[in-house]
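Every number here is computed from the coordinates shown, using simple stated rules; none is lab data. All values derive from a computational prediction rather than experimental measurement. Cβ atoms come from the backbone with ideal geometry, glycine included; neighbour counts cover every protein chain shown.
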Amino acid sequence: MERLFLTTAIDYANARPHLGHAYEKVLTDALARFARRRGEDVRFLSGLDEHGQKVQQSAGKAGKSPQEFVDDISVHFLGLWRDLRVEPDDYLRTTEVRHKKLVQEVLSLLYEKGDIIRGTFQGFYSVRAEQFLTEKERLPDGSWPEIYGEVVELTEENYFFKLSKYQDWLRELLQKQPSLIFPEFRSKEVLGALEKPLPDLCISRPKARLAWGIPLPFDETQVTYVWFDALLNYVTGAGSGQGRIGEWSPAVHVIGKDILVPAHGIYWPCMLKALGLPLFKKLLVHGFWTRKSEKLSKSTGNIVDPRELAEKYGADSFRYYVLREMALGHDADFDEESLAARRKGELAHELGNLLQRAGSMIGRYRDGKIPAAAQPDAMSEAFRATVLGALKKWDELMQKYQIHLALGELWKGVQAGNQMIEARAPWKLAKDPAKSAELDATLADAMAVLELVLEEVECVIPRTASAGLIQLGLPGKVTRRPADWPQWPAHQAGRVLGSIEPLFPLLEDEKPKSS
Ligand code: MSP
C-alpha cells in the first residue's frame, strides 16, 4: 500500500479563521479522502501555530495571557473544522509538550553539530510594532512608514542557523527536480531567491523582547524564532507523537503561495538536510482568494466568514464551491452569488434531482426496489461508456491536482444521467407494459451512475455523498475502490432504496413565497 503523509500549513492563532484557512484545510481533507478511496495509507496532519510576536501582541490587546488567548482561538478553528468536516488524523498545537520537546531536541542536535552558531544581529527596530524591519518596508524616500513609529538601530546577540551551508545542494536539487513543487512554475521563484548568497537565518529572539516561544536548551535567555518552531510541526506530527526526531516520514505539504519563499522552499529543505532527514515529497502550493479582486483583509472589512457560509449554504456546498471554483495553484475571486448558483445548479438541480427523480420513480413503478437491468441496448451502452470515461478522466485529473476540472468531468456523468432520463422518458415507458424491460434498464442505469459518482465525490462533499448512498440502499461509508474500478455496478438488482429526500433542500430565500 502506498503511504501518504499529507499536511496543511499550521494557521497563526492570532485571529479567527478566514476563507483562506478554510480553503486550504478543505482542499487537504479532500486530497486525503481521495487518496484513501484509491487505497493509500494516509496520515493527514493539521494544526495551529501558537507562538511568536503576533500572538503575544494579540493576547496583550485582548487582556489575556498568550496561553489563554490561543486556547480560546483554538476553539474557533476546531469548531470550523468540525462544521466543514475537515477530519485530520492529528491536530497539532505548537504549545503542546510533545512539540516543545521535539523542537528542543532539534535545536540541541543542530547546535552540537555546529549548524547553529552564536552571532550578532543588527537591524532597524520599530519600538511600536516591536519588530525588526527589513529594507522592503522602507519608503522610497528612505524613511519608515508612520505605523512603525520610532525606528532605532539595534544590535542583538542571537543564534543563527547555517543556511548558507546548504544553498548549493538545494539549488542543484531544484534544478534537477522542479516537480518537487506544484505548480512547477513556482520552483523558479525559489531558484530566483537562491541566486544571491543566502544570509544565515537568525533563529532566536531574546526572551526580554519576546517571551512567548520555546526556550533554547543551550541558552535559556533566548526563545526560538517562530518559523523554526512552526516548520518542525511536520516532524512532531509525523509519527506516534512521542516528540522524537526519528518519526519523520516525507510529506506532501499543502501551503499557500505566500509561505513558499523563503520558509517552505528554502528554510525547510535546509533544515531537513541538516537533520539528516529525507526531503519532503512535494510542496503543493495553492493561490490566494480575493473578494471583488481585493485582498481579504480585516482592516478594510473585506472578509469572508467560512462558518457563516457553511451555515447558510451547507458545509458541502461550501466545499464544492471552493474546490470547483479555484484552479489549484492559481488565485480565485470569491463571489457569494456564484456559490449560491453552483449549489442551485450543479448540486441541487443536477445531482440532487437525478436521485430525487430516479429514486421516486423506483418507488412508484418498482416498489422501491432497484430492478434488474436487461441486456443493455445501444443507448445504454453509450451511456455507460460516457460515465466510465468521465470517471477515468476524473481520476486522472485528481491525480494531477486539477480538482476543478476533475469535478467538471464527474459532472458529465451526472449530466448524462439526466439526459438519459429525459430521452427515455420513463413516465411514458411505465404506461406501456411492452416497455417494461426498457423501464427497468433506465432506472437501474440511473441508480448505477449515482452510485459511481457519489462514491467518488465523497472526498469533496462527504456528508451529502454518504446521505445519498444511504438513499440508494447502500452503507453510507465509502470504502476503497475495488481492484477493477471503474466497473458498472453488477449487484444492485433487488436492493431496497432508503427514503428519498432532497440532497440539497431549497434555501429559505429560494422557497416559493406563499401568499
Ligand atoms: N503560521 C504560518 C504557517 C506555518 S506552516 C509551518 C502561516 N499562517 S497563516 O495563518 O498566516 O496562513 C495559513 C495558511 O493560510 C497559509 O498556507 C496561507 O497561505 C493560507 N492563506 C492565508 N490567506 C489566504 C488567502 N487569502 N487565500 C488562500 N490561502 C491563504 O502562514
Using a Förster distance of 60 Å, the FRET efficiency for SER164-ARG481 (Cβ separation, nearest 0.05): 0.80
What residues have an amide H closer than 5 Å to that of ASP49, excluding those fewer than 5 places away on the same chain, when H is modeled at 1.01 Å from N in the peptide plane? ASP11, TYR12, ALA13
If a paramagnetic tag sat 7 Å from the Cα of VAL496 along the Cα-Cβ line, which residues of segment 346-370 would have the backbone N under 13 Å from that point? 367-370
Mean separation of Cα contacts under 8 Å (at least 6 apart) over the residue count of the chain, i.e. the relative contact order in percent, is 15 percent
Show the residues, 5+ positions off or on another chain, whose built amide H is closer than 5 Å to the amide H of TRP289. ALA332
Karplus 3J(HN,Hα) series, Hz, for segment 80-92 with 6.51 cos²θ - 1.76 cosθ + 1.60 (x for Gly, Pro): 5, 5, 5, 4, 8, 6, 8, 10, x, 6, 8, 10, 9
Segment 118-188 - percent relative contact order, Cα under 8 Å, separation 6 or more: 32 percent
Write down Rg/Rh for the chain, rounded to two decimals, with Rg from the C-alpha atoms and Rh from the Kirkwood relation over Cα pairs. 1.05
I want to check the label-to-label distance for PHE218 and ASP377. Put each point 7 Å from Cα in the C-beta direction and report it in nm to one decimal. 8.1 nm
Along segment 379-385, Karplus-curve 3J(HN,Hα) (6.51, -1.76, 1.60; θ = phi - 60°) to the nearest Hz, with x for Gly and Pro, reads 5, 5, 4, 5, 4, 4, 5
Of HIS491, HIS330, HIS21, how do they rank once you tally other Cβ atoms within 10 Å and put the fewest first? HIS491, HIS330, HIS21
Rounded Å value of the spacing that divides the Cα centres of segment 1-34 and segment 357-382: 40 Å
Alpha-carbon centroids, segment 205-282 and segment 412-456: separation in whole Å: 54 Å
For the residue pair SER297 and GLU350, what label-to-label distance in nm results when each label sits 7 Å from Cα along the Cα-to-beta-carbon direction? 3.6 nm
Once the Cα gyration tensor of segment 1-160 is diagonalised, semi-axes √(5λ) in Å: 35, 22, 17
Along Cα→Cβ, 7 Å out, is where each label goes; now give me the distance between the ones at GLU146 and ARG463 in nm to one decimal. 4.6 nm
Give me the distance between the Cα centres of segment 286-339 and segment 73-130, rounded to whole Å. 27 Å
May I ask you to list the GluC sites (Glu not before Pro) in segment 145-185 that are in a DSSP loop and have at most 14 other Cβ atoms within 10 Å of their Cβ? GLU150, GLU184
Ranked packing of 91-104, 270-283, 474-487, most packed first, by mean Cβ within 10 Å: 91-104, 270-283, 474-487
Let me have the relative contact order for segment 336-510, percent, based on Cα pairs under 8 Å that are six or more residues apart. 33 percent
Percent of all Cα-Cα pairs per 5 Å bin for segment 336-510, counting from 0 up to the last occupied bin, reads 1, 8, 17, 22, 22, 15, 9, 4, 1, 0
Per-residue ellipticity at 222 nm for the chain, helices alone: DSSP H runs ≥ 4 residues times -39500 (n - 2.57), over residue total, nearest 500 deg cm²/dmol? -13500 deg cm²/dmol
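Among CYS459, CYS202, which comes first, second and so on when ranked by fewest other beta-carbon atoms within 10 Å? Walk me through the numbers on the way to the answer.
Values: CYS459 23, CYS202 18.
Starting with the residue having the fewest Cβ neighbours, the order is CYS202, CYS459.
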Which pairs break 31 Å Cα to Cα here: LYS100/LYS196; LYS196/LYS292; LYS54/LYS101; LYS257/LYS312; LYS393/LYS428; LYS162/LYS298? LYS100/LYS196; LYS196/LYS292; LYS393/LYS428; LYS162/LYS298
Check which residues have an amide H placed less than 5 Å from SER204's amide H, if you skip close sequence neighbours. TYR159, TYR225
Phi to ³J(HN,Hα) by Karplus 6.51 cos²θ - 1.76 cosθ + 1.60 over segment 145-158, Hz, x for Gly, Pro: x, 2, 4, 8, x, 6, 10, 10, 8, 9, 10, 9, 7, 8
